[in-house]
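Notes follow once the structure below has been shown.
The values are calculated or read from the model by the stated rules, or taken from the named source; none is laboratory data. From a predicted model like this one, the values you see are computed outputs, not experimental measurements. For neighbour counting, all protein chains shown are included, and Cβ atoms are generated from backbone atoms with ideal geometry for every residue, glycine included.
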Amino acid sequence: MELCPSLSISSVEGALRKLVAEGELAREGNGKNTCYYRLK
């Protein structure tokens, strides 16, 4: 039994971009060193 549906990498990246644009998250770094921080 699968508890969580699988997500594509592009879906996750799109959601993170949206949250950064809305001011919910801040992005720092590039590539594998990218970190996201919650702002609110």
Would you check which residues across segment 12-40 are surrounded by 10 or more Cβ atoms within 10 Å (Cβ to Cβ) and in a helix (DSSP H, G or I) and list them? Val12, Glu13, Gly14, Ala15, Leu16, Arg17, Lys18, Leu19, Val20
Which numbered condition Gly23 fails, given (1) within 12 Å of the chain's Cα centre (by Cα); (2) at pLDDT 95 or above: (1)
Looking at (1) surrounded by 10 or more Cβ atoms within 10 Å (Cβ to Cβ); (2) hydroxyl-bearing (Ser, Thr, Tyr); (3) out of contact with any strand residue (DSSP E or B) (no Cβ under 7 Å at 6 or more places or on another chain), which is the one condition that is false for Ser8? (1)
